[in-house]
């Protein structure tokens with residue numbers, strides 16, 4: 001996380017005054033396999049770019065449910081079609097597995113059991129026990145040498161495979177982990193010196209506490225080596241981050257030394273401003289609390305530690321978990337807020353536009369200082385083009401990050417609702433609402449794709465949405481203010497009537513006005 005945070009900080013420092021102009025051309029990306037599967041170094045300008053925050057979750061979701069023959073045919077050359085002949089449904093769904101804990105251990109166990117190769121760019125896989133014939137193939141070594149457009153299956157693809165046992169033999173050492181340990185201690189030493197140190201008697205090296213500690217990271221417990229058991233124990237509908245928190249709740253209890261930890265990805269935001277993950281925290285809290293409520297009362301936790309960026313550091317924030325009654329009230333309040341947006345969108349909760357509007361209402365409807373809200377014209381520009389101004393700037397990037405944080409927080413809640421066996425009406429209603437949340441490749445689409453989709457959005461709706469923002473944040477008309485306050489009071493009374501006193505539920509100016517519209 002710190003590496004990703006620092007990379008974002010460096011990129012921001014070099015572009016905070018002016019971001020590079022985005023190419024808005026509609027040129028179709030080249031999908032020529034010979035160009036895609038080609039060994040080449042990453043161009044220097046791209047090395048400084050921040051990482052994709054949701055890459056792993058998106059790839060897992062797409063492999064499980066998106067990539068069928070028809071979806072592939074829409075994006076790649078037609079000659080690749082025969083490769084999918086005879087396959088119904090998502091092609092890689094049955095062989096895509098989410099395991100508990102670190103994926104490295106699951107991959108190593110599979111390699112050891114099946115004598116297969118692990119396709120990765122993580123050299124740490126070489127330090128696990130992959131078995132006699134298990135190996136590692138680095139992604140950046142994969143290259144297509146020959147292509148046959150008439151017979152796609154005749155294409156020749158080559159890659160470099162490294163087998164730890166064979167590598168150790170050729171280096172003249174007993175175990176590649178010995179070499180890795182010496183390299184970690186002395187990264188500037190020559191290869192000859194490192195190899196010489198790696199040949200020290202095993203009895204001396206194994207007695208070294210530091211070496212034994214180093215080995216622990218790459219040792220698999222006996223039960224973790226059963227990859228079939230790993231698959232059965234872990235729900236296959238959860239993202240990697242959600243899977244980690246689910247596994248922690250299952251493996252430990254409230255008497256554990258540490259609270260469960262959620263490591264939220266470094267989101268592409270303005271690092272000089274408050275972390276975008278502040279938005280959507282209430283929905284993540286509901287999800288954690290539901291997971292906690294599904295446990296026996298004596299095994300529950302009091303909080304979850306969320307690790308996010310705070311200033312120039314990665315630090316934990318302790319999130320107090322809610323009891324069942326508080327969760328129910330929060331879910332009812334959420335359903336009411338969704339209902340108000342439904343009235344504008346005619347109930348279309350499956351569209352990206354719906355949830356994008358919901359996120360913007362969450363951000364600006366609950367702002368303490370309305371004077372700092374974007375002008376209606378700026379927000380209209382953002383909705384249609386992805387910019388608050390005429391060109392991309394860091395305030396626009398940060399707003400996109402806040403929207404994405406709300407999207408992913410709702411996704412966490414949706415996924416946890418799907419694996420928790422608590423049959424209550426309010427939870428079923430929330431789960432039904434969130435069932436319409438689009439997949440990540442749509443929620444996290446590029447600015448250009450977003451602009452193309454919003455060209456079909458109702459102009460009347462957009463004008464109405466901006467009119468609401470204008471009246472709630474900029475109006476100085478006393479009569480308008482009186483009407484606005486009356487609407488807010490009516491909404492609070494409605495919530496109080498529906499939920500009872502002392503709910504602490506939030507109401508927002510935008511939602512109040514929409515409710516009365």
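Please treat every number below as a calculation from the coordinates, not as lab data. Source: prediction; values computed, not measured. FYI the Cβ positions are ideal-geometry reconstructions off the backbone, even for glycines, and counts take in every protein chain you see.
Cut-off is 10 Å between beta-carbons; in what order do 215, 114, 126 appear when sorted fewest neighbours first?
Lowest count first: 114, 215, 126.
Quick check: pseudo-label points 7 Å beyond the Cα along Cα→Cβ at residue 390 and residue 324, how many nm apart are they?
Here the modelled spin labels are 6.0 nm apart.
Quick one: grab the alpha carbon gyration tensor of the stretch 101-233, order the square roots of its eigenvalues as a ≥ b ≥ c, and give me rounded if a/c is under 1.5, else prolate or oblate depending on whether a/b is larger than b/c.
Since a/c reaches 1.5 but b/c is at least a/b, the shape of the stretch 101-233 is classed as oblate.
With a/c under 1.5 counting as rounded, go ahead and sort the stretch 236-303 into rounded, prolate or oblate using the C-alpha gyration tensor (a ≥ b ≥ c being the square roots of the eigenvalues; past the cut-off, prolate if a/b is larger than b/c, else oblate).
Prolate, since a/c reaches 1.5 and a/b exceeds b/c.
Give the percent of DSSP beta bridges with both residues in the stretch 101-233 that are antiparallel, rounded to the nearest 5.
In the stretch 101-233, DSSP labels about 55 percent of beta bridges as antiparallel.
Counting only Cα, what are the radius of gyration and maximum Cα-Cα distance Dmax of the stretch 53-137, in Å?
That works out to 15.4, 42 Å for Rg and Dmax.
In whole Å, how far is the Cα centre of the stretch 133-175 from that of the stretch 282-352?
Computed from Cα coordinates, the inter-centre distance equals 45 Å.
State the extension gain, in nm to one decimal, for the chain segment bounded by residue 59 and residue 215, taking 0.36 nm per residue of separation less the distance between their alpha-carbons.
Stretched fully, the residue 59-residue 215 segment lengthens by 53.1 nm.
Rank these for me by crowding, 55, 445, 262, going from fewest to most other beta carbons within 10 Å.
55, 445, 262
7 Å from Cα along Cα→Cβ at both residue 313 and residue 146: what's the point-to-point distance in nm?
In this crude label model, residue 313 to residue 146 measures out at 6.0 nm.
Taking neighbour counts of Cβ atoms within 10 Å as a proxy for exposure, in what order, fewest first, do 96, 425 appear?
Going from least to most buried by this count: 425, 96.
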